[in-house]
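The values are calculated or read from the model by the stated rules, or taken from the named source; none is laboratory data. Note that the structure is predicted; figures quoted are calculated from it, not measured. Quick reminder, even Gly has a Cβ in these numbers, built from the backbone with ideal geometry, and neighbours come from all protein chains shown.
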Amino acid sequence: MKPASLPHRVFIALGGNLGDRPANLQAAIDALQAGKHVRVEKLSRVYETAPYGYADQPDFLNLALEAATDLEPAALLAFLKEIEAGLGRQPSFRNSPRPIDLDIIFYDDLALDTLTLQIPHPRLRGRGFVLQPLNDLAPGYVHPVYGLTVGELWGEIDLAGAGIKPYQLEKPLVISP
């Protein structure tokens, strides 16, 4: 059983475009909750999005989640990388096809820049496939570096060219109690 109070609020982006995309998203959500260190609290809608950076690949399914954790940032990143590997992600080039991708977008109001981890996510601005789901969850959340809300950052996106559309799942994704 998870402790009632996990001290840190995090937002994590999930996406993938290989295999059973909805099942991979659910498996990642389940893996996040499998231990005592993360409690998923909210999920955004799921969106189907055109690939970014490398176009010759299938469309992605993307969502964001809000969670509480007692893991420090580096430990949370290591945990996310373990989940990715467990779900079949192989090392490859940036923006390559993958069954699952998990990125820390925000961690409390932390601004962190190390060799292995940057929080907030350094490529958040301008990426509708991350900002649209984040806007579902927390439009008023203030980016600790830019001083802009998620809603304001999302408002900068050219929606006509973003290639983002709501995705209808056959069965909804669930958060385990």
Check segment 36-43 and report whether any residue there is surrounded by fewer than 16 Cβ atoms within 10 Å (Cβ to Cβ) and under 19 Å from LEU124 (Cβ atoms).
yes
Which residues, taken from segment 115-160, are on the phi > 0 side of the Ramachandran plot and at pLDDT 95 or above?
GLY147
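For every residue, the table says whether it meets (1) in contact (Cβ under 8 Å) with a residue 12 or more places away in the chain; (2) of a type in the set (S, T, N, Q); (3) touching a Ser or Thr at 6+ places or on another chain (Cβ under 7 Å); (4) part of a loop (DSSP other than H, G, I, E, B).
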{"position": "LEU76", "(1), (2), (3), (4)": "yes, no, yes, no"}
{"position": "LEU102", "(1), (2), (3), (4)": "yes, no, no, no"}
{"position": "LEU131", "(1), (2), (3), (4)": "yes, no, no, no"}
{"position": "PRO139", "(1), (2), (3), (4)": "yes, no, yes, yes"}
How many residues are touching a Phe, Trp or Tyr at 6+ places or on another chain (Cβ under 7 Å) and in a strand (DSSP E or B) when one looks only at segment 1-45?
5
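For every residue, the table says whether it meets (1) at pLDDT below 90; (2) of a type outside the set (Ser, Thr, Tyr).
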| residue | (1), (2) |
| --- | --- |
| LYS42 | no, yes |
| GLU48 | no, yes |
| ASN62 | no, yes |
| GLU66 | no, yes |
| THR69 | no, no |
| GLU84 | no, yes |
| GLY88 | yes, yes |
| ASN95 | yes, yes |
| ASP101 | no, yes |
Could we say that GLN132 is crowded, with 18+ Cβ neighbours inside 10 Å and within 17 Å of LEU43 (Cα to Cα) here?
yes
